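Written below as structure tokens is the structure these notes are about.
Each value in this text was obtained by applying a stated rule to the coordinates, not by laboratory testing. Worth saying up front: this structure is predicted, and the values here are computed from it rather than measured. Backbone-built Cβ (ideal geometry, glycine too); neighbour counts: all protein chains shown.
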Amino acid sequence: MFNNLKAMEPDPILGLMSAFGNDTNPRKVDLGVGVYKDDAGNTPVLDSVKAAEALLLERQQTKAYIGPAGLEDFNRLMQVMILGPAHPVLAGSRAATIQTPGGCGALRAGAELIRRARPGAKIWVSDPTWANHIPLLGSAGMEIVQYPYYDSVNKVISFDAMLETLRLAEAGDVLLLHGCCHNPCGADLDLEQWQVLAELALQRDLLPFVDLAYQGFGEGIEEDVAGLRLLASRVPEMLVASSCSKNFGLYRDRTGSLTVVARDSGQVNNAISQVCSATRGIWSMPPDHGAAVVATILSDMGLRAQWEAEVATMRKRINDLRTRLVDSLASAGAGDFSFIARECGMFSFLGISPDSIASLRREFSIYMVDSSRINVAGLSDDNIAYVSEAIATVCRDSRNSGQV
Ligand SMILES: Cc1ncc(COP(=O)(O)O)c(C=O)c1O
């Protein structure tokens with residue numbers, strides 16, 4: 001049976017990880033992989049998570065199945081964290097949440113729901129978008145189309161072009177938006193732009209699908225969902241895929257949720273029963289551990305405060321690194337990278353040429369993906385000057401040889 005199969009090309013990020021692992025240069029720097037790192041280059045288990053795990057070890061009475069929708073407490077607490085306790089959608093019982101294996105599971109579950117509700121719907125994604133959106137949504141059978149989003153010359157959102165393209169969307173199409181900390185470009189919509197998009201979705205009958213993978217990593221846990229909350233207060237229907245991988249550091253525990261907003265409680269219950277029936281045929285039931293940890297943290301005032309402080313530390317580190325990188329690149333003579341400080345979350349494009357990216361890897365053991373997206377959290381006190389000088393050198397070489 002398997003003699004017909006050819007090997008797949010390795011995933012570019014996984015290929016980068018393995019090249020980095022095999023590099024023996026002690027100065028090597030990984031700016032590729034999308035996980036948060038502290039100044040020592042580690043992705044530690046949060047203290048609040050450790051404390052919640054200790055409580056679970058003591059209290060948990062069973063490992064029996066939890067059911068296709070996952071842990072009820074987790075679902076309720078996630079809904080409140082995303083929408084806020086006083087959101088009109090919650091007052092009207094128009095939202096329901098299920099637990100999913102990570103944000104990826106939520107995206108896939110959302111796509112399955114859309115396919116059942118409106119089989120021919122297209123999904124509009126930003127150009128650029130997170131690379132995994134394409135296989136995740138595409139494998140549910142959705143046609144994917146792109147709208148312009150990031151102007152890589154002026155380093156701003158191409159909002160007019162985005163709107164112009166979205167006017168081509170048909171009623172019932174889906175509009176995928178990044179809730180905050182856009183991956184890969186770091187450029188986020190402001191509230192006025194969220195408002196305009198809400199009106200557009202309303203007028204053209206588009207279903208907003210918000211991917212929220214970095215709540216708390218931009219401006220704050222509440223601030224990062226202001227746009228999403230505004231959108232939810234305007235449109236009758238909406239989906240939110242949320243991930244606890246980054247803000248709770250639960251990457252490998254595969255913890256996330258899908259929230260469905262519908263016109264009334266009857267429709268939302270119908271929709272959730274359809275999602276559960278779809279996911280029953282894919283992963284059957286979500287893993288429990290990560291969701292149990294999140295529910296323990298969010299329902300305990302002390303643990304919650306500890307977790308919020310840990311998220312604030314991660315956010316502050318990323319934002320400080322952005323400012324320091326801009327200064328350090330300028331001092332090294334690399335030029336004006338001030339846009340990096342205006343962007344937010346873990347990612348930004350450096351905007352350097354493929355040759356420069358290859359030279360950084362070959363000559364300096366500095367690894368980033370081919371689009372020049374960097375994970376700012378991969379920088380540290382130890383490597384920021386080294387990275388800046390290396391970038392200045394390769395940009396100079398590239399200018400001298402006539403490439404940009
Ligand atoms: C934009 C975006 N969406 C969703 C995810 C899904 O994350 P996970 O499935 O690990 O929770 C990620 C992870 O990197 C992401 O960057």
Would you compute, from DSSP H runs of 4+ residues alone, the mean residue ellipticity of the chain at 222 nm, taking -39500 (n - 2.57) per run and dividing by the full residue count, rounded to the nearest 500?
-14000 deg cm²/dmol
Using the alpha-carbon centroid of each, what span in Å lies between region 307-375 and region 1-18?
29 Å
Quick one: which of Lys6/Lys37; Lys63/Lys316; Lys63/Lys122; Lys28/Lys316 span more than 28 angstrom between C-alpha atoms?
Lys6/Lys37; Lys63/Lys316; Lys63/Lys122
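Determine the gain in length on full extension of the stretch Gln146-Asp355; use 0.36 nm per residue of separation and subtract their C-alpha separation, reporting nm with one decimal. Please report the intermediate quantities before stating the final value.
Details: separation 209, 0.36 × 209 = 75.24 nm, distance 2.69 nm.
That pair, Gln146 and Asp355, stretches by 72.5 nm at full extension.
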Fewest to most neighbouring Cβ within 10 Å: what's the order for Ile352, Ile282, Ile144?
Ile282, Ile144, Ile352
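For region 1-159, count the residues as N, evaluate 2.2 N^0.38 Å, and divide the Cα radius of gyration by that value, please.
Details: Rg = 21.0 Å, N = 159, 2.2 N^0.38 = 15.1 Å.
Here the answer is 1.39, to two decimals.
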Between Ser273 and Leu55, 0.36 nm times their residue separation minus their Cα-Cα distance comes to what?
75.3 nm
Ranked by GNM mean-square fluctuation in the chain (Cα springs under 10 Å), the top entry among Leu14, Leu177, Leu228 is Leu14
Relative to the first principal axis of the alpha-carbon coordinates of the chain, what is the inclination of helix 301-331, with its axis defined by its Cα atoms, in degrees from 0 to 90 and to the nearest 10?
30 degrees
In the chain, if the dipole is taken from +1 on Lys/Arg beta carbons and -1 on Asp/Glu beta carbons about the Cα centre, which of Ser338, Asn375, Leu350 is farthest to the positive end?
Asn375
Of Leu175, Leu90, Leu379, the one that fluctuates the most in a GNM where the chain has Cα springs shorter than 10 Å:
Leu90
In the chain, what percentage of the DSSP-assigned beta bridges are antiparallel, given to the nearest 5?
45 percent
For the chain, with only Lys/Arg (+1) and Asp/Glu (-1) charged at the beta-carbon, what is the dipole magnitude about the Cα centre, in debye rounded to 20?
820 debye
Can you quote the Å³ per residue value for the convex hull of the Cα atoms in the chain, rounded to an integer?
166 Å³
Considering region 65-299, what Rg and Dmax in Å follow from its alpha-carbon atoms?
16.3, 52
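Can you sort Ser348, Ser277 so the residue with the fewest Cβ neighbours within 10 Å comes first?
Details: Ser348 26, Ser277 13.
Ordered by Cβ neighbours within 10 Å, fewest first: Ser277, Ser348.
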Test item: Cα-centred dipole of region 291-404, Lys/Arg +1 and Asp/Glu -1 on Cβ, debye:
160 debye
Ordering of 58-70, 330-342 by packing [mean C-beta count within 10 Å, highest first]:
330-342, 58-70
